[in-house]
Amino acid sequence: MKGFIIKEFYHIFRDVRTMVILFGMPVVQVLIFGFAISTEIKDAKIAILDYSRDNMSLELSNKIISSDYFILSEILEDENQIETVFKAGKIKEVIIFGDNFARNLQKEQNASIQIIADASDPNTANLLVNYTTGIIRNYMTEKMGKQSMPIEINTEYKMLFNPEIKSVFMFVPGIITILLMLVSAMMTSISIAREKELGTMEVLLVSPLKPIQIVVGKVIPYVVLSFVNAITILLLAFFVFGMPVQGSVILLLAESLLFIIMALALGVFISTVSNSQQTAMMISMFALMLPTILLSGFIFPIENMPEVLQWLCNLMPTKWFIIIVKDIMLKGVGLAHIWQETFIITGMTALFIGLSVRKFKIRLE
Amino acid sequence: MEDHIIRVENLTKKFGSFTANDNLSFFVKKGEVFGFLGANGAGKTTAIRILCGLLQPTSGNIEVAGYNVSRQSNKVKKNIGYMSQKFSMYEDLTIKENFRFYGGIYGMSSRAIKEKTEYYLHKLGLEKEKNSVISSLPLGWKQKLAFSVAIMHDPKIIFLDEPTGGVDPIARRQFWEMIYEAAASGITVFVTTHYMDEAEYCQRVSIMVDGKIEALDTPEKLKEQFKVGSMENVFIKLARGQQ
């Protein structure tokens, strides 16, 4: 058993590709996701078409431009230009002030502003429009507040657990989940499939080793390495991106370990149904990675999906693990709040272990 | 009967409607070099896998090293060695590490492993290479090493499944010398091959055609029986007769 584990470590450390996937990829992915992908808006280019050019329209324009979100890139003269600037592609939003902006506002208390956004990227367009209306509303209360508003409702909002709406906070739990899944499931399934392909599996099966010993021997090194990976990602998240861990670190690590074991069991199961490294990799990639990314709530919110897909999401172990990681890291909850998710993952682990042990035996016959 | 180390009675193995082994019965004597011949797809590998406990027979009674393969496969496994068709050492481990690993899975002590490793490295003249990874060695060496590894735990029987595929004639010759040496030390050798010249090296051979054993005897008697000069012609005659 000890010899088996040592041998497995030799395989891993001598194969450059394995090493890159195991250690290079997690770091690179965290950095890429952390730095490059961002749902925050900064310095979006806008154009302004101002038919009034009075003190109030200029004041409001200045207010919008001086926020961090926007940069004034063009001042338009008439409506015909709008289409042209959008087509040129640089400008994401055009703000149009109607005629007599200040007079309408002061006399009739009713002035109009039109906001046109480039919705070829709907998320960005939404955010831009929200930011703009926010600024406009602000300006309005500033001007009118003291005057003649009959009733006034002040909405004040607070973003709990992630006050600055940092996207890193969203991505780190997702990345940990996906990497652990990838590394654990794919690497084990490939390494077992490799033994089959090379014919060494036969020799192992002829030996007095029990199937369960073979499986455990193959899996233990990956448990250790995946765990190291999880810690690396958490450290990166903490030191590079300042992601807090509000809850218990030990609980977080324990949950990670549980998830790793689940993924490994899944990997073993995949390897029992595939005879070559190629198949193992294909199955891991397509049957595992894509649904994992798409249906876990990592990128697309599950609440917005059609009901059928929501059901499918429930079958994804990753969905539950992402919830766990977020709850522990951001909300700082204890086991009492996430026992259901933990229970589901434990159940899945048991299921996959059961299935693969069964499959392994059947293949032996 | 005492010296029959492998006893096969009415072995049948079916995969769905295809019968890979059709009612085989034979025995192998202790210390014998037993050749198990047949064309590709004749059912040799299936039979060898059943004997090693890798596959369960559909029906039949099989005893290897005195144990029933279906019911006592663990005891069988402790007493046999196996070298598969595919080259079966780890390419990315060194010679020493391979010995260590395979000795380990048969539960040998570290000291015994060390002694055996030194013994075989010395015998093969590969002491200087003990820390080279397997993938850097020529195929002929690899095969001899794989054989050494397969018998390092002193099994009673060694199963060789087409051990000399793809090796040059000189290396094959040397390989057979190792087989003889093993047989002389009391290990029973069960070998499949489709090189008919190698069949001449065996004490007794069986020839399988389409899942059945069509002939079983010493090479001399088989040649006499079919009135031909070489095993190759015996084989061709048998295979033709089937068509």
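Do we find that A:Met285 is more than 14 Å from every other protein chain (Cβ to nearest Cβ) and either surrounded by 18 or more Cβ atoms within 10 Å (Cβ to Cβ) or at negative phi (or both) in this structure? It is true that A:Met285 is more than 14 Å from every other protein chain (Cβ to nearest Cβ) and either surrounded by 18 or more Cβ atoms within 10 Å (Cβ to Cβ) or at negative phi (or both).
Give me a count of the residues in the stretch B:17-54 that are within 14 Å of chain A (Cβ to nearest Cβ) and of a type in the set (Gly, Ala, Ser). Qualifying residue count, the stretch B:17-54: 2.
Residues of the stretch A:25-65 that are surrounded by 16 or more Cβ atoms within 10 Å (Cβ to Cβ) and modelled with pLDDT under 80: A:Pro26, A:Gln29, A:Val30, A:Phe33, A:Gly34, A:Ile41. Per the listing B:Lys144, B:Lys114, the residue uniquely basic (Lys, Arg), part of a helix (DSSP H, G or I) and away from chain A (no Cβ under 14 Å) is B:Lys144. With respect to B:Phe26, is the statement that it is part of a strand (DSSP E or B), surrounded by 21 or more Cβ atoms within 10 Å (Cβ to Cβ) and on the phi < 0 side of the Ramachandran plot true? Spelling it out, it is not the case that B:Phe26 is part of a strand (DSSP E or B), surrounded by 21 or more Cβ atoms within 10 Å (Cβ to Cβ) and on the phi < 0 side of the Ramachandran plot. Scanning the stretch A:1-60 for residues that are within 11 Å of chain B (Cβ to nearest Cβ) and either of a type in the set (D, E, K, R) or assigned to a loop (DSSP other than H, G, I, E, B) (or both) gives A:Met1, A:Lys2, A:Lys7, A:Glu8, A:Arg14, A:Asp15.
Specify the residue that is surrounded by the fewest Cβ atoms within 10 Å (Cβ to Cβ); the eligible residues are those in the stretch B:66-91 that are in contact (Cβ under 8 Å) with a residue 12 or more places away in the chain and in contact with a strand residue (DSSP E or B) (Cβ under 6 Å, 6 or more places away or on another chain). Only one residue tops the list, namely B:Gln85.
When you check A:Ala230 against the structure, is it free of Cβ contacts under 8 Å to residues at least 60 places away in the same chain and within 19 Å of the chain's Cα centre (by Cα), yes or no? Yes; evaluated as a whole, the condition is true for this residue. Among the residues making up the stretch B:67-104, those that are more than 7 Å from chain A (Cβ to nearest Cβ), small (Gly, Ala, Ser) and touching a helix residue (DSSP H, G or I) at 6+ places or on another chain (Cβ under 7 Å) are B:Gly81, B:Gly103. Condition check: at pLDDT 75 or above, charged (D, E, K, R) and surrounded by 11 or more Cβ atoms within 10 Å (Cβ to Cβ). Does A:Glu142 satisfy that? The answer is yes for A:Glu142. Assess whether A:Lys326 counts as being in contact (Cβ under 8 Å) with a residue 40 or more places away in the chain and of a type in the set (Lys, Arg). Spelling it out, A:Lys326 is indeed in contact (Cβ under 8 Å) with a residue 40 or more places away in the chain and of a type in the set (Lys, Arg). For A:Leu257, the criteria (1) without any contact (Cβ under 8 Å) to a residue 40 or more places away in the chain; (2) touching an Asp or Glu at 6+ places or on another chain (Cβ under 8 Å) hold in every case but one, which is (2). Note on the stretch A:310-365: among residues that are within 14 Å of chain B (Cβ to nearest Cβ) and not in a loop (DSSP other than H, G, I, E, B), the one that is nearest to B:Gly53 (Cα to Cα) is A:Leu364. Would you mind stating whether A:Arg194 is in the same structural domain as A:Ile261 (by TED's automatic domain parsing) and modelled with pLDDT of 80 or more? Yes: the conditions hold for A:Arg194. Condition test on B:Glu220, is it among the acidic types (Asp, Glu), under 30 Å from B:Lys96 (Cβ atoms) and in the same structural domain as B:Lys44 (by TED's automatic domain parsing)? So B:Glu220 does not fit the description; no. Scanning the stretch B:117-134 for residues that are more than 14 Å from chain A (Cβ to nearest Cβ), in a helix (DSSP H, G or I) and either touching a Cys at 6+ places or on another chain (Cβ under 7 Å) or touching a residue at least 24 places away in the same chain (Cβ under 8 Å) (or both) yields a total of 5.
A quick yes/no check of all residues on (1) buried (at least 17 other Cβ atoms within 10 Å of the Cβ); (2) not hydroxyl-bearing (Ser, Thr, Tyr):
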residue	(1), (2)
B:Gly103	yes, yes
B:Tyr106	yes, no
B:Tyr119	no, no
B:Asn131	no, yes
B:Leu145	yes, yes
B:Ser148	yes, no
B:Lys156	yes, yes
B:Gly165	no, yes
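The values are calculated or read from the model by the stated rules, or taken from the named source; none is laboratory data. Nothing here was measured: the structure is a model prediction, and the numbers come from that model. When we count neighbours, we look across all protein chains shown, and the Cβ atoms used for this are built from the backbone with ideal geometry, even at glycine.
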